[in-house]
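Data first, discussion second: the structure below is written as structure tokens.
The values are calculated or read from the model by the stated rules, or taken from the named source; none is laboratory data. Predicted, not measured: the structure shown is a model, and the values here were computed from it. FYI the Cβ positions are ideal-geometry reconstructions off the backbone, even for glycines, and counts take in every protein chain you see. With ligands, DNA and RNA removed, areas are computed over all heavy atoms of the protein, side chains included. Shrake-Rupley method; radii C 1.70, N 1.55, O 1.52, S 1.80 Å.
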Amino acid sequence: MEGANNGRSGYEQFADGNRLYVMAQFFPRMAVYNDVEGWQNMQFWGRGEFALVFGDYEVNITVPADHVMEATGVLQNRSEVFTPEQVKRWELAERTFDKPVIIVTQDEAIAAEKSFSDKKKTWKFKAQNVRDFGFSTSRKFIIDAMAVDLPTNKPLAISIYPKEANPLWGDLSTKAVAHTLKTYSHFTFDYPYPKAVSVSAEDQGMEYPMICWNYGRPDEKGFVSDRIKYGMLGVIIHEVGHNFFPMIVNSDERQWSWMDEGLNTFLEYLTETSFDPNFPATRGPAKNIVPYMKGNQKYLEPIMSNSENIYQFGANAYGKPATGLNILRETIMGRELFDHAFKTYANRWKFKHPTPEDFFRTMEDASAVDLDWFWRGWFYSTDYTDIGVKSVKQYFVSTEASKETQAMFNRRGRKISDGEPMLYLVAEDAPDFKPELKKGFDAKNVQALADYLDKNYTAEEKNALKSPKYFYEVEFEKPGGLIMPIIVELQFEDGTSETQKFPAQIWRKNNDTAKRVFATEKKVIKIQLDPKLETADIDVENNYWPKGGTESKFDTLEKK
């Protein structure tokens, strides 16, 4: 964009001599004082964006008479700047909830862009309780809008764009704005402002209260690739979402970019996938952050780093925080509990200045879940997740006891009853075995089933067992520094499978290894950790048993 200020403000020059202006950051700022850290005196260097206070604005903007515009706040003199027919369309949009109403048509915009009027009009806006002000103006603008039905408010979703953005923008922009307001409101609080505006400003992606500039247009021949389409939708959702974080939940971006970008990217992911289940989201899924997490530690910083001190800003401030929240929601806390805690944070801190500690404490306070271990690892370190299968011992149950077995238990002073189930270790780390006895079976690898259950299961767990035929004693290891739940999928020889999950507390007394015993009716042929790639495990090669499809080296056991 010619004349742009680092992608945040400026104008776009068209071949016909027209310009499209997106104007912001054009007036002096007040420094912020908060009761935790005092004055925020750090200057704006370009990356750590804003530390701002809330205020009320009255702004009059004089432009050529053939321009139309949108801005932060409520337009005070609509009948003076729009035609009577356009005012009627606007009033229709305010009560239309199912599709956008075109207020300034493409034909009207084409006529206006040829006129270059030498007359002027003044647009008058008022905004209450906002932390900034931006506006966009051009004679090329088409405008459409629709109302959004929220429980406590009926804001307008609005798009303004030149004809060069059609049909893409007319088809999708306002629908995306409306869907964003609904989705974010569901997870936080009802959007309190009267409108949210999406402006087509090529090569831009920037947010201000109630208005944002967004990328994405067809090429010169009108073709729209999936990359452009989904790129545009992602930017619109993200920038409109910034109305919630940080325009309302007013964190200090100068210090902590992740508090607005990361939280917003997390909700952007939920919004994208609910808008289109096949949305090619790049940030949010755990598997997508793995290349960053396994990268050179020289170029990694903790999320809790100042905005200006980060090498890989996008992954650090956007991707990793969003992924962490997604892991908390899907894998650690569960959706219902996470959503309650996250909504509590948003409502507790709207129109206030939260710090990272406020977020961490509120999530724990509202959920009654101790998450210190997660914040410490995911936010304060550059550790990574790597959990693997270290070893597997396989047992089968038999009511037959060899003479060697009877003699061994006699020496231990343990009498074996006739038909008492015995547990025979048949193989370690090899999946192919036939659980049968033969003469000379190694008696050292035999236990009484009752003794084994007493050692490895609680009374409640024993009562839940259904006379299993097989036991698998699995030892897990954790080469990575991050603590995560263990998610285990058992695949059986009949083609079925089951998944079990053990919470992160499994590592509480041993940070290196953990053991679990699985009792099954069916023979297990494969064990896989994290089968859906939920934990950002950087090395899945050690997630499998058998490793690399190893063939069994154990002989088939024959009946004695």
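Tabulated values for the structure
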quantity: Largest-first ordering by accessible area, 1.4 Å probe, given options 535, 62; calculated: 62, 535
quantity: Residues residue 59 and residue 33, FRET efficiency given R0 of 30 Å [Cβ-Cβ distance, rounded to 0.05]; calculated: 0.75
quantity: Under 23 Å from residue 298, Cα to Cα: lysines that are on another chain or at least 8 residues apart; calculated: 287, 320, 478
quantity: Surface/4 of the Cα convex hull for the range 276-409, nm²; calculated: 15.1
quantity: Helix-only [θ]222 nm of the chain, DSSP H runs n ≥ 4, -39500 (n - 2.57) each, per residue, nearest 500; calculated: -7500 deg cm²/dmol
quantity: Gain upon complete extension [residue 418, residue 373; 0.36 nm per residue less C-alpha separation]; calculated: 11.2 nm
quantity: Packing-based ranking, highest mean first, of 298-311, 469-482, 191-204 given that Cβ atoms within 10 Å are counted; calculated: 191-204, 469-482, 298-311
quantity: Protein accessible area in the range 111-266, 1.4 Å probe - carbon and sulfur %; calculated: 51
quantity: Inverse of mean 1/r across different Cα pairs in the range 1-102, Kirkwood, Å; calculated: 17.6
quantity: Percent breakdown of C-alpha pair distances by 5 Å bin, ordered from the shortest bin, for the range 62-176; calculated: 2, 11, 19, 25, 22, 14, 5, 1, 0, 0
quantity: Phi-based couplings in Hz for the range 307-324 (Karplus 6.51, -1.76, 1.60; Gly and Pro marked x); calculated: 4, 7, 10, 10, 6, 9, 5, x, 5, 6, 8, 9, x, 5, x, 4, 5, x
quantity: List 99, 154, ordered by accessible area with a 1.4 Å probe, largest first; calculated: 99, 154
quantity: Rounded to the nearest 10 Å², the accessible area of residue 292 at probe 1.4 Å; calculated: 20
quantity: Heavy-atom SASA rank of 455, 88 (probe 1.4 Å, accessible area, largest first); calculated: 455, 88
quantity: Length added when fully stretched, residue 153-residue 428, from 0.36 nm per residue minus Cα-Cα; calculated: 92.7 nm
quantity: Per-pair calculated FRET efficiency, R0 = 45 Å: residue 228 and residue 361 via Cβ, rounded to 0.05; calculated: 0.60
quantity: Area of residue 47 that stays accessible when all protein chains are in place (1.4 Å probe, Å², to 10); calculated: 80
quantity: Förster radius 30 Å - calculated FRET efficiency between residue 411 and residue 475, Cβ distance, rounded to 0.05; calculated: 0.60
quantity: Rounded accessible area per residue of the range 168-209, 1.4 Å, Å²; calculated: 23
quantity: Carbon + sulfur, % of accessible area of the range 278-408 - ligands and nucleic acids excluded, 1.4 Å; calculated: 47
quantity: Linear extension gain, residue 219 paired with residue 129, 0.36 nm per residue minus alpha-carbon span; calculated: 28.5 nm
quantity: Area of residue 141 that stays accessible when all protein chains are in place (1.4 Å probe, Å², to 10); calculated: 0
quantity: Compactness of the chain as Cα Rg over 2.2 N^0.38 Å, two decimals; calculated: 1.27
